[in-house]
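Right, one structure below, let's go through it.
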Amino acid sequence: MPSFDEVLKEAGEFGRFQKRVFFLLCQTGITFSSLFASVVFLGRAPGSYWCRIPGAAELSERCGWTLEEERNFTVLPLPLGNGSSSGQCERLDIVWDTSISCTSPLASYRNHSTSNLPLTTCHNNWVYEQPHSSIISEYNLVCSNAWMLDLSQAILNLGFLAGAFILGYAADRYGRILIYLLSCLGVGICGIIVAFAPNFIVFLIFRFLQGMFGKGTWLTCYVIVTEIVGSDQRIVGIVIQIFFTLGIMILPGIAYLAPTWQGIQLAISLPNFLFLLYYWVVPESPRWLLTRKKGEKALKIMHNIAKHNGKYLSPHYSEITISNEEVRNPSFLDLVRTPQMRRNTLILMYSWFASALVYQGLVMRLGIVGGNLYLDFFISGAVELPAALLILLTIDRIGRCLPFAISNIVAGIACLITAFLPEDIPWLKTTVATLGRLSITIAFEIVYLVNSELYPTTLRNFGVSLCSSLCDLGGTIAPFLLFRLAAIWLELPLIIFSILAVVCGLLVMLLPETKGISLPETVDDVEQLS
């Protein structure tokens, strides 16, 4: 009986059928990256805000004040008289009554200097110039509640982590396309609930679930793409990353056009319902079917692929070699039981963690250095486009490991140099920082491909899911690491990023090279890789 790769070569390794499936599934990258980075715009600064004094709303209505006049009469005296208070997190500890003058409401306190007026902490009584522009103004995530914005991103990353484990396992047990479609449905439904969440608790719960299902769509679409093409065409796993970058570049345009955070949330969630139409055009992975002893279904799909590719399978292709491994559900022990699998797993887990932490840290660092948020975010996405091109030009010529290692080491050195460059030569500092961002993007994109090529079909989705879960752990830590260390010294996070990236570059040199090698079908195949 012929092997699967022999049948695939006969049916076409990257014909019209695979190109169509590839293009359709690539759209998932746009929606997933938008979800991945959405907190930058969902939690954008809502403009100016201040704490309203009890009774000020009634007084404002009686006096016919505008919001600006109310602020001038009741809030501005506070920062003018007490330089340590801005009127945002503290308010005057007074209550207006009907006898207050509309032209000079503080006149009754003339026996006190403005700097000696009593103060108290503000609690849920803020007024915003743009009340529905972001989740900050929607749920009062300011002052002592400001840390909750970081929590919302951490919750999303924990959802990614849960999705990697739960849906990665489910995809290996129940099939790639089934879990992909269920995940798309989940992302869409949870996204709508997030947009209309009545309180912050509901927002967090369904943001977690949206993250979980979002990770399911991204991982399964990636695995499907790499499993239906030949070994010489697996660089499509790199090309799919371009669509992730396109999502990063499109997001600021959506945010610029959408007047409210709910509009942004719906814009990145609703397209997932369109992916349910893939039920009729994207088949189950024939490689997965073979591992589940469903050779007839796999052969039927291969005949369909050959037909769409303008090929014809020979009559003797009535059966395909089926894995001799016992069909069972994957577990973590399967990934560390044998020496080569154990080494691959531990190095890949660290690579995911380091790449994600450095990547997200450099992205969020844009918010610290200031500038035009929409333009800077777009440019930061555009910088990533050459990464895929550089990978495509090198990965099939010199292999996977060398570009993987060099990109990590260059990213680490660039971070280190950027930290010590003086501020008076901003063009050089920006250039070196951009080189670091480009390099870590290359490393981040290669780890996807290498991870899928170093696991057998029976464990591929679970292995990719488990290792990439460390990416979500890195993403959860990144905001806290960045902002806490930056409070000590603005460039201190870059030192940590540098160490993580260089260590990663040295470790990945220990991984086996997979250029031009067929995807391993069994654990024994992996152990034979040099």
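The values are calculated or read from the model by the stated rules, or taken from the named source; none is laboratory data. Being a predicted model, the structure only gives us computed values, none of them experimental. Neighbour counts are summed over all protein chains in view; Cβ atoms, including those assigned to glycine, are modelled from backbone coordinates with ideal geometry. In case anyone asks, the SASA skips ligands and DNA or RNA and just uses the protein heavy atoms, side chains included. Shrake-Rupley method; radii C 1.70, N 1.55, O 1.52, S 1.80 Å.
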Just to be sure I understand, how many residues within the stretch 390-427 are open to solvent by less than 70 Å² (accessible area, probe 1.4 Å), aliphatic (A, V, I, L, M) and at pLDDT 85 or above?
7
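For (1) over 22 Å from Phe36 (Cα atoms); (2) outside any helix (DSSP H, G or I); (3) open to solvent by 20 Å² or more (accessible area, probe 1.4 Å), each residue gets a yes or a no:
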| position | (1), (2), (3) |
| --- | --- |
| Ser465 | no, no, no |
| Leu470 | no, no, yes |
| Phe480 | no, no, yes |
| Leu519 | yes, yes, no |
| Asp524 | yes, no, yes |
Condition (residue is surrounded by 20 or more Cβ atoms within 10 Å (Cβ to Cβ), in contact with a Lys or Arg (Cβ under 9 Å, 6 or more places away or on another chain) and at pLDDT below 85) applied to the stretch 313-330: is it met by at least one residue?
yes
Just one listed residue, out of Ile488, Ile425, Ile442, Ile477, is free of Cβ contacts under 8 Å to residues at least 60 places away in the same chain, under 19 Å from the mean Cα position of the chain (by Cα) and outside the structural domain of Gly168 (by the TED database), and it is Ile442
Quick check on this structure: which one of Val194, Val187, Val202 is open to solvent by 10 Å² or more (accessible area, probe 1.4 Å) and in a helix (DSSP H, G or I)?
Val202
If a residue has to be assigned to a loop (DSSP other than H, G, I, E, B) and within 18 Å of Asn304 (Cβ to Cβ) to count, how many in the stretch 1-31 make the cut?
5
Inspect the stretch 146-169 for any residue being in contact with a strand residue (DSSP E or B) (Cβ under 7 Å, 6 or more places away or on another chain) and either in the same structural domain as Gly186 (by the TED database) or of a type outside the set (Ser, Thr, Tyr) (or both) and give the result as yes or no.
no
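Conditions tested, residue by residue: (1) within 23 Å of the chain's Cα centre (by Cα); (2) more than 30 Å from Ala298 (Cα to Cα).
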| position | (1), (2) |
| --- | --- |
| Asn125 | no, yes |
| Leu149 | yes, yes |
| Ala164 | yes, no |
| Arg173 | no, no |
| Leu185 | yes, no |
| Ile193 | yes, yes |
| Gly216 | yes, no |
Options Tyr455, Tyr448; residue that is aromatic (Phe, Trp, Tyr), at pLDDT 80 or above and either closer than 23 Å to Ile379 by Cβ or out of contact with any Pro (no Cβ under 6 Å at 6 or more places or on another chain) (or both):
Tyr455
Scan (1) of a type outside the set (Lys, Arg); (2) surrounded by fewer than 24 Cβ atoms within 10 Å (Cβ to Cβ); (3) closer than 20 Å to Val225 by Cα; (4) in contact (Cβ under 8 Å) with a residue 24 or more places away in the chain for the single condition Val383 breaks and write down its number.
(3)
Can you pull out every residue in the stretch 512-530 that is of a type in the set (D, E, K, R) and in contact (Cβ under 8 Å) with a residue 24 or more places away in the chain?
Glu513, Lys515, Glu521, Asp525, Glu527
Pairs please, first residue from the stretch 191-220 and not assigned by the TED database to the domain that holds Leu149, second anywhere and surrounded by fewer than 24 Cβ atoms within 10 Å (Cβ to Cβ) and not in a helix (DSSP H, G or I), Cβ atoms under 9 Å, 6+ apart in sequence or on different chains.
none
